[in-house]
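The values are calculated or read from the model by the stated rules, or taken from the named source; none is laboratory data. As the structure is a prediction and not an experimental result, all values here were calculated from the model. Because the Cβ atoms are built from the backbone with ideal geometry, glycine has one as well, and the counts that use them run over all protein chains shown.
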Amino acid sequence: MTTTSPLVQTTAGVVRGFWRESADAAGVPSAAFLGIPFAEPPVGELRFAAPVPHQAWEGVRDAVEFGATPHREVQGEITLIPEPAFPGESTLNVNVFTPAPLAPGTDAAESAGLPVLVYIHGGGYVSGSPSSPWYDGAPFNRDGVIVVSVSYRLGFHGFGYIEDAPMNRGVRDWLLALEWVQENIANFGGDPKQVTISGQSAGGGAVLTLLGMPAAQHLFRAVYSISGPPTTTTLDAAETVGRAIAELGGVAPTRAGLGTLPESRILELQASASPLNASDDESDPIAGLVGLVSGGLVLGPVVDGDLIPLPSREAYAAGIGADKALVMGATDQEFNMILAEGKEAMAAIPAAAILGRLVDSPELVEAYVAAHEGLDTADTVGQYITDSMFRAPALDIAELRASRGDADAAATWLYRFSWSSPTIGSSCHCLDVPFFFDQLGAERVSAVAGDSPSQLLADEVHGGALALIRDGAANWPAWNSTDRQARVYDDPASSVESDAFATLRMLLPDTVAAA
């Protein structure tokens, strides 16, 4: 392995990274370039503005440490993934992992032209970090793929309504980061025409949002959404929350007014707006979940009629993103674990009584409870939350795209991650992420996957991602409305199953369910 620090020319200047020696038998080294700013620091006049490309610097800029993160320690961690926070103002940056960087002065035509994975982290749009050890791109580098992880403004700073500020500032951060990839990735050894965007949880929602945005279509060719909720938040809903936060802060809902509040105060105020904090009544263990299921994530992408002209489902129905290959899936029990503490208290309450607060249709409640006979109340309710937020929307989108029948449309593939965590006891939220990245030895993976997670399962999940990224098609049959085949990841054996989401069809819109 070379000991010379790799240098790469970007549009703003030269960056210096560092080599890491491969720990596997393939012996493929990986160069890391960390904390490269793609935008000016979002402070001062830029705090609530659209992102501005970073100005040029002189000389060589070190890119050997992670950059500042919008994620702050005060926010805590709302996922099972270790997501470190780093202080500082220049929070809009990318991390690039590549086996084939080009030295400055080298003709871009000599680029290795490798496919590129751009990864957007999750965290409910209010937390999370692009610098998690789970997102290290060395295993993808080993397999001939460049990885770029990106940061974006979170919570109110990224998505909150302000009278005189652009909406969807965090979404605009994604767009500028993807533009940076288009302009610079060839010098890191990548092919800007072979970009796949992926993310998990809110990050999975982010890539589904981008898939339905006309302004983003030139920036990627494929999408891999892991446990991603589609975008549905209306401008009216966002405005209501934004004005409420400003009122609680005692300021006008303007850039000038909100600009007087320190970041720490904004974080406190946005926490109060979360549906999960809808009630302090300990006798009502699902009050917050009722708000989450009915109102969704209040600080996230907003259908503003401009940058995001339509809700995700309507955008796909209109054919937006139809030419992009799409893989979607979720774990089988994403959110079941969040009711674990209330399991005993809920045991005496019929599942139908609680589901009646989440579902308008008594007939649907009856059918859902019957389809999940044998589960206790907490698990039935948890499964409904999992199904309604993650699994049924993925099925709905797959059916919708398949039903359009466009001759030149790209295919859609669905998967289920069914393997159950030996430490948590279910196939829970975030469990599949280290398998996707083939990072089973990373920090804190054992806490969710046990001391001996299956490398075979990682090979299968990681291999499925590689197939899409490198070939533009998954390595199992595409979804159609006849046999409805999906990949089911499990250990000791994964499989391809027909009608693998049969129990979810009752949750689909009538127009699709009847198709």
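When the criteria are applied in full, Thr377 fails the requirement of being surrounded by 13 or more Cβ atoms within 10 Å (Cβ to Cβ), closer than 21 Å to Pro230 by Cβ and among the β-branched types (Val, Ile, Thr).
Look through segment 394-414, keep the residues that are at pLDDT below 90 and over 14 Å from Ala318 (Cβ atoms), and return whichever of them is surrounded by the fewest Cβ atoms within 10 Å (Cβ to Cβ). My answer is Ala407. Tell me, yes or no, whether segment 246-259 has at least one residue that is at pLDDT below 95, touching a Ser or Thr at 6+ places or on another chain (Cβ under 8 Å) and buried (at least 16 other Cβ atoms within 10 Å of the Cβ). No, segment 246-259 has no match at all.
Okay, residues lined up against (1) charged (D, E, K, R); (2) within 29 Å of Thr423 (Cβ to Cβ); (3) buried (at least 16 other Cβ atoms within 10 Å of the Cβ); (4) touching a residue at least 24 places away in the same chain (Cβ under 8 Å):
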{"residue": "Val445", "(1), (2), (3), (4)": "no, yes, yes, yes"}
{"residue": "Asp451", "(1), (2), (3), (4)": "yes, yes, no, no"}
{"residue": "Leu456", "(1), (2), (3), (4)": "no, yes, no, yes"}
{"residue": "Gly472", "(1), (2), (3), (4)": "no, no, yes, yes"}
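Taking every residue in segment 132-156 that is within 29 Å of Leu261 (Cβ to Cβ) and pairing it with any residue that is among the acidic types (Asp, Glu) and not in a loop (DSSP other than H, G, I, E, B), at least 6 positions away or on another chain, the pairs with Cβ-Cβ distances below 8 Å are Val150/Asp173; Ser151/Asp173; Tyr152/Asp173; Arg153/Asp173.
Looking only at residues in segment 226-239 that are touching a residue at least 60 places away in the same chain (Cβ under 8 Å) and part of a helix (DSSP H, G or I), the one that is farthest from Val303 (Cα to Cα) is Glu239.
Per the listing Val171, Val147, the residue uniquely assigned to a strand (DSSP E or B) and among the β-branched types (Val, Ile, Thr) is Val147.
Going by the conditions given, is Ala513 at pLDDT 95 or above, surrounded by 14 or more Cβ atoms within 10 Å (Cβ to Cβ) and among the small types (Gly, Ala, Ser)? Considered against the rule, which asks whether it is at pLDDT 95 or above, surrounded by 14 or more Cβ atoms within 10 Å (Cβ to Cβ) and among the small types (Gly, Ala, Ser), Ala513 comes out as no. Here Ala407 passes the criteria (1) of a type outside the set (Val, Ile, Thr); (2) assigned to a helix (DSSP H, G or I); (3) free of Cβ contacts under 8 Å to residues at least 40 places away in the same chain except the one numbered (2).
Rundown of residues vs (1) of a type in the set (Asp, Glu); (2) under 30 Å from Ala165 (Cα atoms); (3) at pLDDT below 95; (4) surrounded by 18 or more Cβ atoms within 10 Å (Cβ to Cβ), yes/no style:
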site: Thr4; (1), (2), (3), (4): no, no, yes, no
site: Leu80; (1), (2), (3), (4): no, no, yes, yes
site: Gly88; (1), (2), (3), (4): no, yes, no, no
site: Ala103; (1), (2), (3), (4): no, no, yes, no
